[in-house]
1. In whole Hz, what ³J(HN,Hα) sequence does the stretch 119-125 give by Karplus (6.51, -1.76, 1.60; θ = phi - 60°), x for Gly and Pro?
2. Run the simple label-point estimate for SER258 and LYS86 please: 7 Å along Cα→C-beta, distance reported in nm.
3. Apply the Karplus curve 6.51 cos²θ - 1.76 cosθ + 1.60, θ = phi - 60°, to the phi angles in the stretch 107-118 and return the couplings in whole Hz, x for Gly and Pro.
4. Grab the beta carbon distance between ASN99 and ARG45, set R0 = 51 Å, and tell me the FRET efficiency rounded to 0.05.
5. Taking 0.36 nm per residue of sequence separation and subtracting the Cα-Cα distance, how much length would be gained by fully extending the chain between ASP63 and ALA77, in nm to one decimal?
6. Given a 1.4 Å probe, how much area per residue of the stretch 117-266 is accessible, in Å²?
7. Pairs on different chains or at least eight residues apart, Cα atoms closer than 16 Å: how many lysine pairs in the stretch 123-266 fit?
8. Tabulate in residue order the Karplus-calculated ³J(HN,Hα) for the stretch 53-64, using 6.51 cos²θ - 1.76 cosθ + 1.60 with θ = phi - 60°, rounded to whole Hz; enter x for Gly and Pro.
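The values are calculated or read from the model by the stated rules, or taken from the named source; none is laboratory data. Keep in mind that this is a model prediction, so the values were computed, not measured. Cβ sites come from the backbone with ideal geometry, for glycine too, and all protein chains shown count toward neighbours. We work out accessible area using only protein heavy atoms, side chains counted, and drop any ligands, DNA or RNA first. Shrake-Rupley method; radii C 1.70, N 1.55, O 1.52, S 1.80 Å.
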Amino acid sequence: MDWKKTKTIFILTFLILNIFLGYQLSQKMDKSNLKYLSEQPLEKRLADNNIDYKDSLPQSYKDHQTLISGQRAPFSANEIKSKTSKLDSSSTDTTLIFNLKKPLELDKNDLVKDVSQFLKDDVYRGDEYRFYKKDTKNHKIWFTQIYQGQPLFFDTDDDTNRPSGMVMFEWNEKGFLTRYTQTFISVYRQGTPQEIISPMKALGSLFNTQHLSSGDKINKIVLGYYSLANVEDVQVYAPTWSIETEDAHFLVNATDSSIQEIDREQ
C-alpha cells in the first residue's frame, strides 16, 4: 500500500469535508441572522441603518380607501378660451397645448410660486391641480390633478402619452414661462372602502426589498392614487403611498404593498 498517497487522499477528504461543514455552518448562521433581523421592530432596523423618516410621516390619513376610475375628459369650446395664451395647432379635444401670448418672467428663486399663481389665475380649473415635480434641467414644472384632496401620481418621464390629469409648464433659457400642456380626468369612486397599509408598512416594504439604503433620507410621504390599469379609455387607480428620497421616487400600492420606482429625483 502506498501510504504517502493514502495520506494525501485522507488530507484532501478532510479538507473538503471541513469546507463543506464550514459552508453549511455559514448558511445556517446567515439564516439565523436574517430571521433575527426580520424579528426586530421596523423602527429599530431603520434607526440602525440611519434612515431618516420621522419628519415625513403623515400626521393623519384615512385608513380606509376605495379604488377610483377616471376617464380623460374632452374640453369644450368655452373651456379652451384664454386671455393670456393661444391654443397650439397640435392640441386635441383631450390634450390642450397653449403658447403664452406674452412670456411671463419668473422669479428664478421661486419658480413654483410664480407658476402656481399663473395656474390659479389663467388655467381652466387651475385650483384642482397641485404642485407635483420640478425639472430644472429640462425647464419643466408639473402640477397634478387632485381628487378629494389626494393627488393622482404619474411618471413625469412619460412624455409620449401625455399623463392624464396634469398641467405641465415649460420655460425658456431666459427664465420666461412660454408654454403649458393640460389634461383633465373625470373621476368617480369604484367599489367599497378597504383598509390600506400604514405609511410605516410602506417604508417597511421598501426596506425589506432593499429599495432603501443605509443613510437614506425620506423627504416626503404622501397618500394619493396611481393608475393600475388602462381599459380602453378608462383608467383604474389604487390608493398609493408616494415616497420620495433625496434621489428616487417610489410608489407603494396601499392595498397589496407592491412597489414601483418611477422617475428619479430631478
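1. For the stretch 119-125, the Karplus-derived couplings read 4, 5, 8, 10, 9, 4, 6 Hz, x marking Gly and Pro.
2. Placing both labels 7 Å beyond Cα along the Cβ direction yields 4.6 nm.
3. 6, 5, 8, 8, 4, 4, 4, 5, 5, 4, 5, 4
4. Given R0 = 51 Å and the Cβ-Cβ separation, E is 0.50.
5. Gain on extension, ASP63 to ALA77, equals 1.0 nm.
6. 47
7. 5
8. Per residue, the Karplus-derived 3J(HN,Hα) values read 9, 4, 6, 9, 5, x, 6, 8, 6, 7, 7, 10 Hz.
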